[in-house]
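S.K.: Provided herewith is a single structure, encoded as structure tokens, for subsequent inquiry.
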Amino acid sequence: MRPRSVPVALSALLLAAGCTASTAAEEDGGGTAPVATSAPDQRLTVVADAEPAASAVSASRALFDEAGVVVVAPEGDRAATLLGASAAVGLGVPLLLDPEGEDADAAVAEEIGRLGARTVLAVGADTAPGDADVVGVPAGAEAVAAATRLDLADADPVPADGEAAAVAALDPDRPAALRPEEDGAAAEGEADGELPAVTRAEPLEGTVVLADGDPGSLAGVATARAAGARVQVTGGQTDPRGSADAVEAVSGAETVVALGAGFGAEDGLDWKVETAATGTQLPGGGQTLFPQHFMVALYGHPGTGALGVLGEQDVQASVQRARDHAAPYESLVPDATVVPAFEIIATVASEFPTDGNDYSFEAPLEQIRPWVEAAGEAGLYVVLDLQPGRTDFVTQAELYRPLLELPHVGLALDPEWRLAPNQVHLTQIGSVGIDEVNRVVTWLADLTRENRLPQKLLVLHQFRVDMIPGREQVDLSRDEVAVMVHADGQGPQGSKQDTWRVLHGIGPEGLAWGWKNFYDEDSPMLTPEETIAQVSPRPQLVTYQ
């Protein structure tokens with residue numbers, strides 16, 4: 001480790017413009033510091049180091065091939081790290097962290113050597129790992145600006161929970177001098193030299209970095225911006241499908257870097273990135289359903305009001321009615337996007353034998369499709385409800401595969417109408433075993449992944465425990481599907497609340513929950529305000545029948 005001061009005369013020479021400066025510097029034996037970047041070889045690169053110094057090295061390795069100048073800040077020094085980020089982004093070079101411990105120190109020195117760095121800007125220190133010349137500078141904006149010759153714009157103090165976003169927003173053409181919100185007076189002192197001029201590489205415009213916002217990956221965020229990559233901070237979300245902004249960012253990327261320790265534990269990150277890359281979004285944004293969405297649905301069958309309010313008017317009037325039902329919830333559920341929806345009974349239980357003797361009328365695709373398409377165009381979600389009679393749920397779901405391959409369409413299973421071979425409707429209450437439910441989970445999840453679709457909703461209607469024996473064993477391992485139990489109890493509110501509590505007591509953890517308000521059968525039917533206030537825990541779907 002050796003400190004170095006660059007003579008003032010040489011610094012002035014390096015400020016000259018164009019080829020003349022480069023030639024003159026070369027004649028003096030110096031030359032500008034070269035920088036070379038390259039996109040990762042893989043479609044997805046995961047940088048999930050838990051230690052900040054290791055994360056910084058991995059980010060540098062992923063995006064930079066060469067850097068004649070490198071910025072280093074002491075690990076754990078927030079003021080120095082933020083100012084180091086400003087300098088690194090402005091110069092277009094990596095930001096590394098100087099850790100405690102010989103092994104970690106050696107890894108940083110090795111990275112400085114790999115980059116071919118001849119000069120290190122040490123912010124908040126006067127030494128750095130390795131054998132490169134060191135320009136030490138206190139962690140103050142004026143000193144950093146003097147050493148780098150960057151015009152650092154004034155910036156508002158950055159809160160601890162906003163540091164990653166502040167670094168991600170740095171403009172390489174006019175970087176801001178970042179400092180912690182609670183930082184007192186800026187560090188005083190002067191740099192012990194100036195850096196050589198830096199030749200910035202072409203920006204990696206086809207690379208997107210998803211950063212979970214963990215403070216340990218802050219240097220990596222700066223390195224990504226220095227390389228000209230777009231950085232999307234996900235706020236701790238490690239599923240790239242989880243927000244509209246993340247989906248939009250990934251959809252335009254040639255390569256993706258997932259930066260943050262949390263991404264290392266995200267199961268199926270590769271296929272989730274490929275799904276996000278389609279750019280297709282759910283009504284309300286993003287590609288995952290809950291908790292960011294809250295749905296309000298009309299239930300019924302097109303063309304008849306006998307099976308619910310959905311069929312009491314034509315499709316366009318139903319769209320408007322769904323919106324009208326959803327509107328009051330927008331102020332009641334401020335932490336989620338309220339999405340109007342249709343729950344369409346696609347197969348209707350029959351009291352009498354039907355074709356195939358399955359006691360279920362399967363509505364043809366041409367009857368259902370106009371409603372599904374109109375809902376999608378209007379920004380509504382759609383759930384196709386199955387009442388299968390004596391056949392099984394997977395067999396009936398296959399009939400509607402073309403509709404389920406649309407991004408805004410999910411599925412509902414109604415076990416009340418799932419009969420054993422010798423049962424008939426209105427004589428027995430049906431039920432479905434957990435093995436059949438899990439076959440539907442697998443079938444729907446496979447369809448979703450194969451078609452790179454947003455997450456699908458799978459609703460399990462239930463108002464008695466014995467309607468889905470073994471429900472505690474429902475498969476929640478497939479992130480392609482959000483499984484919901486929808487409490488279908490009707491009547492006095494006390495009885496409905498009892499049913500709600502009993503169903504919640506079964507488990508497992510991780511289910512989404514739905515509640516149904518009946519116009520005619522409830523006594524009384526809850527208002528939107530009462531639904532939110534009295535139904536606890538709060539459901540993610542409220543259906544009207």
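The values are calculated or read from the model by the stated rules, or taken from the named source; none is laboratory data. Since the structure is predicted, the reported quantities are computational estimates derived from the model, not experimental observations. Cβ coordinates were reconstructed from backbone atoms using ideal geometry, including for glycine residues, and neighbour counts include every protein chain displayed.
S.K.: Restricting to the range 94-131, name every residue that is out of contact with any helix residue (DSSP H, G or I) (no Cβ under 6 Å at 6 or more places or on another chain), buried (at least 20 other Cβ atoms within 10 Å of the Cβ) and part of a loop (DSSP other than H, G, I, E, B).
M.R.: 117, 128
Residue by residue, here is whether (1) part of a loop (DSSP other than H, G, I, E, B); (2) within 30 Å of residue 273 (Cα to Cα); (3) outside the structural domain of residue 525 (by TED's automatic domain parsing) holds:
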{"position": "379", "(1), (2), (3)": "yes, yes, no"}
{"position": "395", "(1), (2), (3)": "no, no, no"}
{"position": "458", "(1), (2), (3)": "no, yes, no"}
{"position": "482", "(1), (2), (3)": "no, yes, no"}
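S.K.: Then there's this: Out of all the residues in the range 519-545, which are touching a residue at least 24 places away in the same chain (Cβ under 8 Å), over 19 Å from residue 331 (Cα atoms) and surrounded by fewer than 19 Cβ atoms within 10 Å (Cβ to Cβ)?
M.R.: 519, 521, 522, 523, 524, listed by residue number.
S.K.: Looking for something without any contact (Cβ under 8 Å) to a residue 40 or more places away in the chain, crowded, with 22+ Cβ neighbours inside 10 Å, farther than 17 Å from residue 535 by Cα and within 21 Å of the chain's Cα centre (by Cα) - is there at least one such residue anywhere in the range 445-459?
M.R.: Filtering the range 445-459 for residues without any contact (Cβ under 8 Å) to a residue 40 or more places away in the chain gives 445-446, 448, 450.
Still in the running and crowded, with 22+ Cβ neighbours inside 10 Å: 448.
Next, only the ones that are farther than 17 Å from residue 535 by Cα stay: 448.
Now restrict to residues that are within 21 Å of the chain's Cα centre (by Cα): 448.
Yes, the range 445-459 contains at least one residue that is without any contact (Cβ under 8 Å) to a residue 40 or more places away in the chain, crowded, with 22+ Cβ neighbours inside 10 Å, farther than 17 Å from residue 535 by Cα and within 21 Å of the chain's Cα centre (by Cα).
S.K.: Filter the range 466-512 for residues that are of a type in the set (Gly, Ala, Ser), surrounded by fewer than 15 Cβ atoms within 10 Å (Cβ to Cβ) and under 24 Å from the mean Cα position of the chain (by Cα) and give the result.
M.R.: 477, 510
S.K.: Could you grab me the full set of residues in the range 208-230 that are of a type outside the set (Gly, Ala, Ser), assigned to a helix (DSSP H, G or I) and surrounded by 24 or more Cβ atoms within 10 Å (Cβ to Cβ)? Walk me through it before giving the result.
M.R.: To start, the set of residues in the range 208-230 that are of a type outside the set (Gly, Ala, Ser) comprises 208-210, 212, 214-215, 218, 221, 223, 225, 230.
Add one more test, that the residue is assigned to a helix (DSSP H, G or I), and what stays is 215, 218, 221, 223, 225.
218, 221, 223, 225, listed by residue number.
S.K.: I've got another one for you. Could you say which residue among 419, 413 is out of contact with any Gly (no Cβ under 7 Å at 6 or more places or on another chain) and either farther than 15 Å from residue 282 by Cα or at pLDDT 95 or above (or both)?
M.R.: On the way: 419 fails: out of contact with any Gly (no Cβ under 7 Å at 6 or more places or on another chain).
Result of the check over 419, 413: 413.
S.K.: Take the residues of the range 513-525 that are within 34 Å of the chain's Cα centre (by Cα) and not small (Gly, Ala, Ser): which is farthest from residue 467 (Cα to Cα)? Give the derivation first.
M.R.: Of the range 513-525, the ones within 34 Å of the chain's Cα centre (by Cα) are 513-517.
The next check asks that each one be not small (Gly, Ala, Ser); those that pass are 513, 515-517.
On the way: 513: 16, 515: 17, 516: 17, 517: 20 Å.
It comes out as 517.
S.K.: Can you pull out the residues in the range 394-427 that are under 26 Å from the mean Cα position of the chain (by Cα) and among the aliphatic types (A, V, I, L, M)? Can you show your working first?
M.R.: Applying the first criterion (under 26 Å from the mean Cα position of the chain (by Cα)) to the range 394-427 yields 403-412.
Passing the criteria: 403, 404, 406, 409, 411, 412.
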